[in-house]
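Following: one structure in structure tokens, then a few remarks.
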Amino acid sequence: MKLTGLHFLLTYQCNFACDHCFVWGSPRQTGVMTLPHIRLFLQQAVETGTIKSVAFEGGEPFLYYATLLEAVRLAASMGFAVSLVSNAYWATDVEDAVAYLRPFAGLIQSLSVSSDLYHYDEQTSRQARNALAAAEQAGITARLMSIALAGRKDAPTVVGELPPGETGVMYRGRAAVKLAPRHARKPWDSFTTCPHENLREPGRVHLDPLGNLHICQGIVIGNLFETPLRDICAAYDPAAHPVVAPLLDGGPAELARRYGLAGEEGYVDACHMCYTARLALRQRFPAALRPDQMYGAN
Ligand code: SF4
């Protein structure tokens, strides 16, 4: 596995608890990276020899502003291209937002600002507008990141650039519990591929505060406190992973079939089926399907 990007989930905590969130972000979540751990993780990223970019996201990374700023300084000084993702709750005014952002100028390549009708009561929130204006003043490249409101024909047009492959809600994490029951379902055996992640040769993966390396949120392929990242990459064998292997062989349908979970039930999308099957398999594969934070169980 040759990684080029590593996404740091700086914290599982968030000031919001959006229905569509697939990492169950909320004020009650636990798990925050510390500077000694970030230093260790960045050093391990350097040792892979292939990782060139890192992103800091969450949860909401600006909740731990001093840690975030120091982490960005460190990552930039080590030569990584750095980006940030935030819901911009802190951008109460343009001038205030400039004060938040100016210390990042020259250190980050981009800031992605999340705003949509899941986060706020308007598609492009005042905070998002302030953050984008402040970023321009601070000389930081910024973009709006929005998720389409699912299932509403009168929903406003999606604005901003959606992440690659993410044209709408993915029904995993809290979205599987909160949103999926409201939407139409398709037969379980129609979900024969993973539509969003390159599980065989991922270019980027997510790292959480507990050291877990996620190939998709909640599917763990190693832990950096137990095994150096370079060794996890070298040893990664998708065919030997109890969850990745069936997903590659036949998507969520094969995951359910292989472990005797297939029934008559339908699902909203592939992620909904995958997440539901994984919930049922957590006790059987505790090392691969963790931590509790990703399954709304903490
Ligand atoms: S199908 Fe499963 S592995 Fe693929 S993106 Fe959805 S939740 Fe992740």
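Every number in this text was worked out from the coordinates using simple rules, so none of it is lab data. Everything numeric here is computed off the predicted structure, so don't read it as measured data. Every residue, glycine as well, gets a Cβ built from its backbone with ideal geometry; the counts of neighbours run over all protein chains shown.
Points to keep in mind about this one:
- For the chain, calculated [θ]222 nm from helices alone, where every DSSP H run of n ≥ 4 adds -39500 (n - 2.57): -9000 deg cm²/dmol
- Dipole orientation for region 172-214: of the candidates P181, G203, T193, P181 has the Cα lying most toward the positive pole (charges on Cβ; Lys, Arg +1; Asp, Glu -1).
- Of the trypsin sites (Lys or Arg not before Pro) found in region 191-263, those that fall in a DSSP loop while having at most 14 other beta-carbon atoms within 10 Å are R200.
- Straight-line reach from K2: taking Cα to Cα under 13 Å and skipping same-chain neighbours fewer than 8 places apart, the aspartates and glutamates in range are E47, E201, D231, D237.
- Distance histogram for region 14-119 (every C-alpha pair counted, 5 angstrom bins, percent rounded to whole numbers): 2, 11, 21, 23, 19, 15, 7, 2, 0
- Highest-fluctuation residue, H241, H206, H183 considered, GNM on the chain with Cα pairs under 10 Å: H183
- Farthest towards the positive end of the charge dipole of the chain, among the residues L229, I147, Q127, is the Cα of L229, using unit charges on the Cβ of Lys, Arg, Asp and Glu.
- Most mobile listed residue (M33, M78, M170) in the chain, GNM with C-alpha springs under 10 Å: M78
- Centroid-to-centroid separation of region 37-116 and region 206-279 [C-alpha atoms, Å]: 27
- Residue with peak Gaussian network fluctuation, the chain [Cα springs, cutoff 10 Å], from S77, S146, S110: S77
- Bridge type composition, the chain - antiparallel percent by DSSP, nearest 5: 30
- Normalised convex hull volume, the chain, alpha-carbon set, Å³ per residue: 116
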